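The structure under discussion appears below in the form of structure tokens.
The values are calculated or read from the model by the stated rules, or taken from the named source; none is laboratory data. Keep in mind that this is a model prediction, so the values were computed, not measured. Because the Cβ atoms are built from the backbone with ideal geometry, glycine has one as well, and the counts that use them run over all protein chains shown.
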Amino acid sequence: MDLTDYNPWKELIANREALGVPDLTIQPLIPYLRSAVDPQQNPDLLEHSDWLPLIDQVLWVLTNLYPHLPFKQELFQGQDPAPDPVAKLQALRNAAVQVPPIMGELDLHLAILDALATVRDPHTAYVRPRFFRGSIAFLPFRAGYYDDPVTGNKRFVVTAAMDGIGIDGFEPGVELVNFDGGSFMSTVAHAANLTPAANDAAQLQRGLLRLTVRPMASSGAARWREPFEEETETFHFLPRGSTTPRIAVVPWGVAKATSLGADFPDPALQPRAMAPPDMEAGEAAVGMLWGWQRFRDQGAPTTEVSHFPEVFQFQTPLGTPGRANLDPANLAAAENPAKRFGYMAIKTFSRNASAVVSVDLPNEFARILRLLQTSAPDGIIVDLRNNPGGDIVAAERMLQMLTARRIVPANFHLASTPALRQILQSTTTISGLEPYQEDARKGDFPDGPLTHPHPITPPESLPFQAYQGPVVLLVNASTYSAADIFAGGFADHAVGTIIGTDPSTGGGGASAWSYSDVVSMLPASGQPLRNLPGSAMSLAFLRSSRVVPNLGVPIEDVGVEPDIIRAKTLNDLLQEHGNAVPSDLVSFACDTLAGMEVHRIELSGAVMRAEATEIHVVTTGLDRVDFVLDMDTSPVLTLTPDNLPQPVSVPFHANGVPPAAISVKGYLDGELRTSARITMNHPRPRD
């Protein structure tokens, strides 16, 4: 196949400025792989003497610091491959000491990827040396699946194809099939082999991404090794209106750009709260590879409503643009079209351009929620589909803004091993691990497999409710990590209704640390902790468990079950991939919202008098309201909506000190349903 003038690559290069990747280059797969093993082109090739230390370091952290391992080995017992990275790495160690080497360096890296793949944990990832970072292997189309409404089987279709692909009839909407008539599912499952997921639904989602997009630093294919003979993939598809399969042969290209280097985030930007590196890189690659076509077809919005459009994309029923690929007409309930609903997609809980993600994102989330409170008072859809995670503190702070109930942050456990106990007993304070250190120093350290639980998010740091109204949460099997934890907290605190297109979320229940974090944050204490030669690694370092009423239930591998499972339709798939069609899932979510009760408190006109604050209060769907001053727990005043004077006179503290803020909590049938808070802006009393 002549790739010297391949049109899809030419289109990408021609639009690289608009994409924001001015240094983008693209080359065929085979020349790229050959350059990877050429010392003249790849200065990051390891010395053979580095191989053993590399394997030993990976072995040590898995054996002594990895909290999931015993649970994985029990859960996936009898599966092929068995979850035993230690045995695979020990076998690799035996092969690596051979002189002369019996394998090449690419074989070494692929073997480590293969070993870690057995635990089906994207948090625990190996990242190949610097040469590979920022390099994305891709095919010139994307694929997805929907559930056949008649058979219930999954059908795989092309969702986007690059201009100039040059294959007659190969276009969005055509179905992909196996050459032998079998299910295309096996092809998808095979694509995820080196970057597998925790459950079958998540494996399917990751397989679809890896089918056409593979970050070279953290994924790949076992056959991509010397003598490098394959540079194309062959697919069979059914053209529209035909039952006769045709063949599509498409080439692998390798895109490389500095901004695609999300394979491994800078720990200074996302300290110990990261999304899995290959998932972040895959999402970044999809945004780059397909973003220019959306820009061309739809144009940039005239008003930039979302300050962080890479994180928040939202839509109001009034049509305010927030970069959400959703027609405002889609935000309507069939049985109650007068109700006004809003939509917000949270694409990630990380932001590479900010060092204060746990502050920046919640602040922007609160700002958008205040906009939606006015324009969409009858309910909102929060969409976490395909969110790979990120900062856990940011996620839990944002969750608190959707409910009046005080959130109990998720619990986290360390691996209870002798080596980690020794490290924690060190006199050096380890930021974020102080509660575990205190347990270890007191001798309150279980023999295994896990330590006692502690939260990552300080409960006192949680904000107040920012949106009053029903909330529906959309999830799928690619809702992962911090997004898994958000969904778990949403369910545990009965915030609203969870609607999923899969039986559970992705099952990523961990706080991930980079290996460099492990080395820099943990005192050596005689342990062999030193930097990896050339490569990098991330590790699920703390294992998450849920809280009341699901105290102790893990998220890893299990995920969070939705309240309602709604099969994905073809419209849902096409809309999800950027096509301008109405989403059946969003329509269903609006119908669900229309049947949910609205509980609301509206506050206005606060005026401080000599001994009290006067506030105008309007309630909806409540039978009792409590007035609470500042951070007190007991109300200074309790009223019913039937006896609410206008204005309400709320007394000061018992010592006569005026409050800085007043919270009004609304109840129905004895249950807290909503709250509103007003801050005093009048420091001096008025008569």
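Taking the listed residues ILE112, ILE136, ILE102, the one that is assigned to a strand (DSSP E or B) and either in contact with a helix residue (DSSP H, G or I) (Cβ under 9 Å, 6 or more places away or on another chain) or assigned by TED's automatic domain parsing to the domain that holds ALA160 (or both) is ILE136, with no other qualifying. Please determine whether any residue of the stretch 326-338 is out of contact with any strand residue (DSSP E or B) (no Cβ under 9 Å at 6 or more places or on another chain) and part of a helix (DSSP H, G or I). Yes, the conditions are met somewhere in the stretch 326-338.
Could you tell me whether the stretch 437-444 includes any residue that is surrounded by 17 or more Cβ atoms within 10 Å (Cβ to Cβ) and within 29 Å of GLU280 (Cβ to Cβ)? So far as the stretch 437-444 goes, no, none of its residues is surrounded by 17 or more Cβ atoms within 10 Å (Cβ to Cβ) and within 29 Å of GLU280 (Cβ to Cβ).
Kindly provide the set of residues from the stretch 239-254 that are among the β-branched types (Val, Ile, Thr), assigned to a strand (DSSP E or B) and farther than 21 Å from LEU24 by Cα, ordered by number.
ILE247, VAL249
To keep it simple, each residue is scored yes or no on (1) modelled with pLDDT under 95; (2) touching a Pro at 6+ places or on another chain (Cβ under 6 Å); (3) aliphatic (A, V, I, L, M); (4) within 30 Å of ALA661 (Cβ to Cβ).
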residue: HIS452; (1), (2), (3), (4): no, no, no, no
residue: ILE456; (1), (2), (3), (4): no, no, yes, yes
residue: PRO463; (1), (2), (3), (4): no, no, no, yes
residue: GLN468; (1), (2), (3), (4): no, no, no, yes
residue: LEU474; (1), (2), (3), (4): no, no, yes, no
residue: ALA483; (1), (2), (3), (4): no, no, yes, no
residue: THR501; (1), (2), (3), (4): no, no, no, no
residue: THR505; (1), (2), (3), (4): no, no, no, no
residue: GLY509; (1), (2), (3), (4): yes, yes, no, no
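Hey, any hits in the stretch 30-48 for a residue that's closer than 30 Å to PRO8 by Cβ, assigned to a helix (DSSP H, G or I), β-branched (Val, Ile, Thr) and at pLDDT below 95? Yes, there is a match, as at least one residue in the stretch 30-48 is closer than 30 Å to PRO8 by Cβ, assigned to a helix (DSSP H, G or I), β-branched (Val, Ile, Thr) and at pLDDT below 95. Given the structure, is LEU65 over 29 Å from the mean Cα position of the chain (by Cα) and surrounded by 13 or more Cβ atoms within 10 Å (Cβ to Cβ)? No: the conditions fail for LEU65. If you check THR244, THR187, THR195 for being more than 23 Å from GLU11 (Cα to Cα) and more than 31 Å from the chain's Cα centre (by Cα), only one passes: THR244. Among the residues of the stretch 199-219, which ones are part of a loop (DSSP other than H, G, I, E, B) and either among the charged types (D, E, K, R) or buried (at least 24 other Cβ atoms within 10 Å of the Cβ) (or both)? Across the stretch 199-219, the qualifying residues are MET216, ALA217, SER218, SER219. Against the test of being touching a strand residue (DSSP E or B) at 6+ places or on another chain (Cβ under 9 Å) and either at positive phi or part of a helix (DSSP H, G or I) (or both), the options ILE368, ILE423 yield a single qualifying residue, ILE368. Of the listed requirements (1) part of a loop (DSSP other than H, G, I, E, B); (2) in contact with a strand residue (DSSP E or B) (Cβ under 6 Å, 6 or more places away or on another chain), VAL472 misses just one: (1).
Annotation note: Cβ proximity below 6 Å between a residue of the stretch 663-687 that is outside any loop (DSSP other than H, G, I, E, B) and a residue that is modelled with pLDDT under 85 (sequence gap 6+ or interchain) occurs for no pair.
A quick yes/no check of all residues on (1) of a type in the set (Phe, Trp, Tyr); (2) in a loop (DSSP other than H, G, I, E, B); (3) under 22 Å from ALA255 (Cβ atoms):
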{"residue": "GLN27", "(1), (2), (3)": "no, no, yes"}
{"residue": "LEU52", "(1), (2), (3)": "no, no, no"}
{"residue": "PHE71", "(1), (2), (3)": "yes, no, no"}
{"residue": "PRO81", "(1), (2), (3)": "no, yes, no"}
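With respect to TYR467, is the statement that it is in contact (Cβ under 8 Å) with a residue 60 or more places away in the chain, aromatic (Phe, Trp, Tyr) and either in contact with a helix residue (DSSP H, G or I) (Cβ under 6 Å, 6 or more places away or on another chain) or buried (at least 17 other Cβ atoms within 10 Å of the Cβ) (or both) true? When the stated conditions are applied, TYR467 passes them.
Within the stretch 569-596, if we keep just the residues that are at pLDDT 95 or above and charged (D, E, K, R), the residue that is nearest to MET680 (Cα to Cα) turns out to be ASP591.
Which residue out of ARG624, ARG600, ARG609 is farther than 17 Å from SER675 by Cα and among the basic types (Lys, Arg)? Unique residue meeting the criteria: ARG609. Inspect all residues belonging to the stretch 79-89 and state whether any of them is closer than 30 Å to ASP391 by Cβ and in contact with a Phe, Trp or Tyr (Cβ under 8 Å, 6 or more places away or on another chain). Checked against the condition, which is being closer than 30 Å to ASP391 by Cβ and in contact with a Phe, Trp or Tyr (Cβ under 8 Å, 6 or more places away or on another chain), the stretch 79-89 yields at least one hit.
Scan the stretch 595-648 for residues that are in a strand (DSSP E or B) and touching a residue at least 60 places away in the same chain (Cβ under 8 Å) and report the count.
9
Of VAL382, VAL393, VAL408, all but one fail to be part of a loop (DSSP other than H, G, I, E, B), in contact (Cβ under 8 Å) with a residue 12 or more places away in the chain and within 21 Å of the chain's Cα centre (by Cα); the exception is VAL408.
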